[in-house]
């Protein structure tokens, strides 16, 4: 029984295929290098302020009339809005925030979908020293309602919390 011989393409075609494969690898390597260089340049040129907020605790130095917190650590200071909620009564909202925080330290976490509020400030979830989320505590306390202006991951959860608070 004869086994059929495997046919290989003619020599010029084989050379052309080898050259094409080599050129495609070279092209892919050049594109990957260009993307890596662009990302490194962008990271060096445009440092996002929220990246430094992700780790560690921050001292709350002020709460403004809109309910935004000014947080500080060493030489850094940032204004952070509470993501996903808006005040019902700004005076009660501010007093509730001040009573819950009590001048203590907080931890700030950011949503993957939205980092900035429409007013240009950083927007995040603020965690109290006891582990509770300040955004949730304000919803449950009736001082805030869910916001629909900025999309975020916990929007459904905040709507359910608001219905529980009523």
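Given the peptides 136-148, 96-108, arrange them by the average over their residues of other C-beta atoms within 10 Å, most packed first. Write down the numbers at each step before the final one.
Details: 136-148: 19.2, 96-108: 15.9.
Listed from highest to lowest mean packing, they are 136-148, 96-108.
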Exposure proxy check on 115, 18: fewest-to-most Cβ neighbours within 10 Å is 18, 115
For residue 145 and residue 28, extending 7 Å from Cα along the Cα-Cβ vector and measuring point to point gives, in nm, a value of 5.5 nm
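Would you list 72, 164 from fewest to most Cβ contacts within 10 Å?
Working: 72 14, 164 9.
So the residues, fewest neighbours to most, are 164, 72.
Order by neighbour count: 157, 58, fewest other Cβ atoms within 10 Å first, most last.
Working: 157 15, 58 21.
Fewest to most other Cβ atoms nearby, the residues stand as 157, 58.
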Rounded to whole angstrom, the alpha-carbon centroid of the range 81-124 lies from that of the range 146-166 at a distance of 14 Å
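Based on the alpha-carbon gyration tensor of the range 120-166 and its eigenvalue square roots a ≥ b ≥ c, which shape applies: rounded if a/c is under 1.5, prolate if not and a/b is larger than b/c, or oblate? Before the final figure, lay out each step's value.
Details: a/c = 1.78, a/b = 1.06, b/c = 1.69.
Oblate, since a/c reaches 1.5 and b/c is not below a/b.
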Per 5 angstrom bin, beginning at 0 and ending with the bin that holds the maximum distance, the Cα pairs of the range 49-165 fall in percents of 2, 12, 25, 27, 22, 10, 2, 0, 0
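We did not get these values from a lab; they are worked out from the coordinates using the rules stated. Keep in mind that what you see is a predicted model, and the values were worked out from it rather than measured. Don't worry about glycine lacking a Cβ; one is built from the backbone with ideal geometry, like all the others, and counts go over all protein chains shown.
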